[in-house]
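The numbers here are math on the coordinates, done by the rules we state, and not lab data. Because the structure is a prediction, the values reported are computed rather than measured. Methodologically, a virtual Cβ is constructed for each residue, glycine included, from the backbone with ideal geometry; neighbour enumeration extends over all protein chains shown.
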Amino acid sequence: MVKFKMIMILSSAIFLMVGCSGKNDNGLTEIELAEVTHSIFYAPQYVAIENGYFAEEGLEIDLVGAQGADLTMAALLAGDVQIGLMGPEASIYVYNQGSKDLAVSFAQLTQRDGSFLVGREPDPDFDFSDLAGKEILGGRAGGVPLMTLEYIIKENGVEIGKGENQANVRTDVEFNAMAGAFIAGEGEYVTLFEPIPTNMENKGTGYILASVGEESGILPYTAYAALDSYIAENEDIIQGFTNAVYKGQQFVHEQSAQTIAEIIAPHFTELELDDLTTVVQRYKDIGAWSETPYLTEEAFNKLMDIMEIGGELEKEADYDAIVNNKFAIEAIY
């Protein structure tokens, strides 16, 4: 069982040690937002930034790269950021530790796993049952990417372990080091978020074989969370933030992949526009993005089922305690 540790993030090189919202010279309230990783998977967020949806709500977003749900939650708990984008599993861990100030998910962003399984050679006939007897770099123990992968593997008749016909899913490689470890020769497969897999394909160092999200189905994969105390004191900020996210979600559902790619391109300068468009289309094809910020209880319960199957759930969390759909409802209607 992985225990979520409420660690303090002390390095100013990683986080902006600000801790409270304030207005800048433009009269906008600055929000420090920690994102679990920087990925095209979060396109609605970057659309909302670039199209001025946050500014329309009186907000300016300062993005902070956390590299993992554990570090994102740590930054939130430490007061280094006001909002965190991460999997709701992190809020469940905090809830089960009995924290008095809960991390509450108030707006869902994505509804599927955004990672892709990458192999060393192209394999158009790949099936997840092919992972029997193979070694996969799977991610951080206790994280939804790992648990979802293991759930899919088991659903395809393969057990997790180091036996001859079992899939050896490794958890000893740091999230942001997985691509480098794979390229260096570790593992036969790896799960990665875009744009890394497309960059690897372009360089011939790895090939996308399957979408984990397409296989796993609907999940509240990433959502925005804030401390319960912060939400209570800043409902207008949370509402404005949710409004902007909803506008971004609607835009990506209504517009073409190329249009979306052109808008979010400043956030992904390492990719050519054609490659960026391909990745956006890939996420559109699997229905990666939620159409609204509303996080359903049914999806939340499925997440807990996957956590339980993965051996990472001590007890079920109270949906009403760590999910607040008030702001999503107001944004939609």
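Structural remarks
- Comparing mean-square fluctuations of G240, G142, G163 from a GNM of the chain with C-alpha springs under 10 Å, the top value falls on G163.
- GNM result for the chain, Cα springs below 10 Å: residue of F41, F106, F128 fluctuating most strongly: F128
- As a length-normalised measure over Cα pairs under 8 Å and 6 or more apart, the relative contact order of the chain settles at 26 percent.
- The modelled label-to-label distance for the pair L28/E314, using points 7 Å beyond Cα in the direction of Cβ, is 4.0 nm.
- Distance between modelled label sites at E159 and A181, nm, 7 Å Cα→Cβ extension: 2.4
- Top of N156, N26, N199 by mean-square fluctuation, Gaussian network on the chain, Cα under 10 Å: N26
- When T72, T292, T222 are sorted by how many other C-beta atoms sit within 10 angstrom of their C-beta, beginning with the fewest, the order is T292, T72, T222.
- In order along segment 222-229, the phi-based Karplus estimate (6.51 cos²θ - 1.76 cosθ + 1.60, θ = phi - 60°) of 3J(HN,Hα) comes to 9, 8, 8, 10, 9, 5, 3, 5 Hz; Gly and Pro are listed as x.
- For segment 115-216, size of Cβ-based charge dipole, Lys and Arg +1, Asp and Glu -1, in debye: 340
- Of (i) -0.23, -0.31, -0.99; (ii) -0.35, -0.45, -0.94; (iii) -0.19, -0.26, -0.96, the label for log10 I(q)/I(0) by the Debye sum over Cα atoms at q = 0.06, 0.07, 0.13 Å⁻¹ derived from the coordinates: (iii)
- When the square roots of the Cα gyration tensor eigenvalues are ordered a ≥ b ≥ c, the ratio a/c for segment 127-187 is 1.5 or more and a/b does not exceed b/c, which makes its shape oblate.
- Amide H partners (placed H, <5 Å) of A107, local residues excluded: Y224
- Residue exposure sequence - D275, D236 - by fewest surrounding Cβ within 10 Å: D236, D275
- Taking every DSSP beta bridge that has both ends in the chain, the antiparallel portion is near 55%.
- log₁₀ of I(q)/I(0) at q = 0.16 Å⁻¹ - segment 115-216, Debye sum with one point per alpha carbon: -0.59
- Note on the chain: helix-only mean residue ellipticity at 222 nm, from DSSP H runs of 4+ residues weighted -39500 (n - 2.57) and normalised by residue number, equals -11000 deg cm²/dmol.
- Using the Cβ of E56 as centre and a radius below 15 Å, the other residues enclosed give a net charge of -3, where K and R count +1 and D and E count -1.
- Cβ-defined net charge surrounding T242, 15 Å radius [Lys, Arg +1; Asp, Glu -1]: -4
- Here segment 115-216 carries DSSP beta bridges of which approximately 60% are antiparallel, counting only pairs with both residues inside.
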